[in-house]
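Peer 1: Right, I'll just put the structure down here and ask away after.
The values are calculated or read from the model by the stated rules, or taken from the named source; none is laboratory data. Just so it is clear, the structure is predicted and the values come from calculations on it, not from any experiment. We place every Cβ from the backbone using ideal geometry, glycine too, and count neighbours over all the protein chains shown. Accessible surface areas use protein heavy atoms only, side chains included; no ligands, DNA or RNA. Shrake-Rupley method; radii C 1.70, N 1.55, O 1.52, S 1.80 Å.
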Amino acid sequence: LAEQVINLRAEDVLLAFAMRKQQSGLEALLEQTVQLGVPSILVSDSLGLLIRPRPTLLLWARRGIRGHFQSHAIPMTICSALVLTIAKHDDGRTFDSLNRLIPLVRRYEQTDI
């Protein structure tokens, strides 16, 4: 991941997810985007309000009461909307990538873990 982040350019966007607790590398990723002038989008629950440095765009929603079942329905809806919006503008590359992903997912589902 670090190798890919150092090659980000201003025309790129970092898309990150943070649910329940902040992952150790998120702060460093966001700091790198600030230094490089790369916009960042964070999809999160209420944790996103506390994360520093702040992302360029924070998309957050409550997912339920802390300590109880917390649904991923809203974050996944946001993610699906982002994928479809990007796909509308990328000459089919998103759907080509998703089609290449299908055999990998099927292979993963067939392995014993």
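Peer 1: Among the residues of the stretch 3-17, which ones are open to solvent by less than 100 Å² (accessible area, probe 1.4 Å) and either closer than 21 Å to H72 by Cα or free of Cβ contacts under 8 Å to residues at least 24 places away in the same chain (or both)?
Peer 2: The answer is L14, L15, A16, F17.
Peer 1: Turning to a different aspect of this structure: Among the listed residues R20, R54, identify the single one that is open to solvent by 70 Å² or more (accessible area, probe 1.4 Å), at pLDDT below 85 and either at negative phi or not small (G, A, S) (or both).
Peer 2: R20
Peer 1: Here's another thing I want to ask about it. Could you pull out the residue among R62, R100, R107, R93 that is of a type outside the set (V, I, T), open to solvent by 80 Å² or more (accessible area, probe 1.4 Å) and touching a helix residue (DSSP H, G or I) at 6+ places or on another chain (Cβ under 7 Å)?
Peer 2: Matching residue, one of R62, R100, R107, R93: R62.
Peer 1: Is it true that some residue in the stretch 55-73 is aromatic (F, W, Y) and assigned to a helix (DSSP H, G or I)?
Peer 2: Checked against the condition, which is being aromatic (F, W, Y) and assigned to a helix (DSSP H, G or I), the stretch 55-73 yields no hits at all.
Peer 1: Considering only the stretch 32-51, how many residues are more than 23 Å from D12 (Cβ to Cβ), open to solvent by less than 80 Å² (accessible area, probe 1.4 Å) and outside any helix (DSSP H, G or I)?
Peer 2: 1
Peer 1: Does D112 satisfy being at pLDDT below 90, loosely packed, with under 11 Cβ neighbours inside 10 Å, not aliphatic (A, V, I, L, M) and not in a helix (DSSP H, G or I)?
Peer 2: So D112 passes the test.
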